[in-house]
1. For the chain, give the magnitude of the charge dipole about the Cα centre (Cβ charges: +1 Lys/Arg, -1 Asp/Glu; no others), in debye to the nearest 20.
2. Output the peptides 24-31, 173-180, 93-100 sorted from most to least packed, where packing is the average of other Cβ atoms within 10 Å over each peptide's residues.
3. Go through the range 102-119 residue by residue and turn each phi into a ³J(HN,Hα) via Karplus (6.51, -1.76, 1.60, θ = phi - 60°); whole Hz please, and just put x for glycine and proline.
4. Using a Gaussian network for the chain with springs between C-alpha atoms less than 10 Å apart, which of these wobbles most: Glu58, Glu218, Glu202?
5. Along the charge dipole of the range 13-243, pointing to its positive end and built from +1/-1 on Cβ of Lys, Arg, Asp and Glu, which listed residue (Ser44, Phe190, Asn82) has its Cα farthest out?
6. Which value at 222 nm does the chain reach when only helices count, each DSSP H run of 4 or more adding -39,500 (n - 2.57), with the total divided by all residues and rounded to the nearest 500 deg cm²/dmol?
7. Using the Karplus curve 6.51 cos²θ - 1.76 cosθ + 1.60 with θ = phi - 60°, what ³J(HN,Hα) values do you get for each residue of the range 49-66, in whole Hz, with x for Gly and Pro?
8. Charges on Cβ only, +1 for Lys and Arg, -1 for Asp and Glu, centred on the Cα centroid of the chain; of Ala168, Val70, Gly200, which one is farthest towards the dipole's positive end?
Amino acid sequence: MSEDLTPIPPASCVVVSGGSRGLGLALVQDILGRGARVAAFARSVTPELAALAAEHPEEVYVEAVDITDVRAVEAFVRAAGNRLGPIDALVNNAAAGQDSLLVHTAPDRIASLIETNLTAPLLLTRAVLRRMLAGGRRGRIVMITSVCAQRGYSGLVVYAAAKGALEAAARTLAREMHGRALVNCVAPGFFASEMSSALGSEQLDTITRRTPSGRLVEPTDIVPLVRTLLFEDTNLNGQVLTVDGGSSI
Ligand SMILES: NC(=O)c1ccc[n+]([C@@H]2O[C@H](COP(=O)([O-])OP(=O)(O)OC[C@H]3O[C@@H](n4cnc5c(N)ncnc54)[C@H](OP(=O)(O)O)[C@@H]3O)[C@@H](O)[C@H]2O)c1
């Protein structure tokens, strides 16, 4: 097969993990707004996500799937491709948070955090890429990581380890795909969501004080970066785009 050296086309059909609420739901809405089709899953389908699928049956496919259930994830990717057409992009967004010192985190909990936040996203990436490459298509992969991958935050050791590993994986995958996929990460700082609800107002005030832009991150700061990585003709590849108001500089 001769190498295609033209720019990778904009995404036309995107899988979003954890698309039921928070940042994931905002991404599903934005991708749909760009005229692309979107397949989203989470362990439970929220009324907001179900309403989108009901309103746009030709463009949106949703299902309740646990990302750690490898068979169910592969079946979801297959069903999404059959319903919406060839998949050419993935946003690895689903993740589980942590709020415990390493010394107080049980071995089972460590294994489960690594499974949800690292192993499962890699297996989902594998499933999407295998279908995409088998169909002779090229595409885009975006990993939602975290500033925790680059800077230390107490209580997040295992979560940070998984996010850092995803960033390392993205760099190597970008090289491995060699022009068949652009693979990048978006690393947000703290933003309000169910995941970060464990943070008290004192901790949020401290983070805000330490943020040079003077305000916490919002999903509306993150969505345009993911949109760029999915749809624009950029030559960004193997990169981590940090959006945290400068708190980690
Ligand atoms: N919030 C922050 O401060 C922050 C900062 C930096 C990075 N991030 C990253 O941003 C991304 C989105 O986070 P968020 O704050 O929007 O979190 P969130 O509100 O807790 O949403 C997480 C999403 O992932 C899904 N999910 C969790 N475990 C899953 C599983 N086992 N299988 C399938 N789906 C699962 C959840 O749905 P179900 O529970 O129904 O499964 C939900 O749709 C994550 O990658 C997170 O690590 C967040």
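Bear in mind that the values in this text are calculations on the coordinates, not laboratory data. Quantities reported herein were computed from a predicted structural model and do not represent experimental measurements. FYI the Cβ positions are ideal-geometry reconstructions off the backbone, even for glycines, and counts take in every protein chain you see.
1. Here the size comes out at about 520 debye.
2. 24-31, 93-100, 173-180
3. Working through the residues one at a time gives 3, 5, 9, 9, 5, x, 4, 5, 4, 4, 5, 5, 5, 5, 6, 9, 10, 4 Hz.
4. Comparing Glu58, Glu218, Glu202 in a Gaussian network model of the chain, the most mobile one is Glu202.
5. The listed residue farthest towards the positive side: Asn82.
6. It lands at -13000 deg cm²/dmol.
7. 6, 4, 5, 4, 5, 5, 6, 10, x, 7, 10, 10, 10, 10, 7, 8, 9, 8
8. Positive-most Cα among the choices belongs to Ala168.
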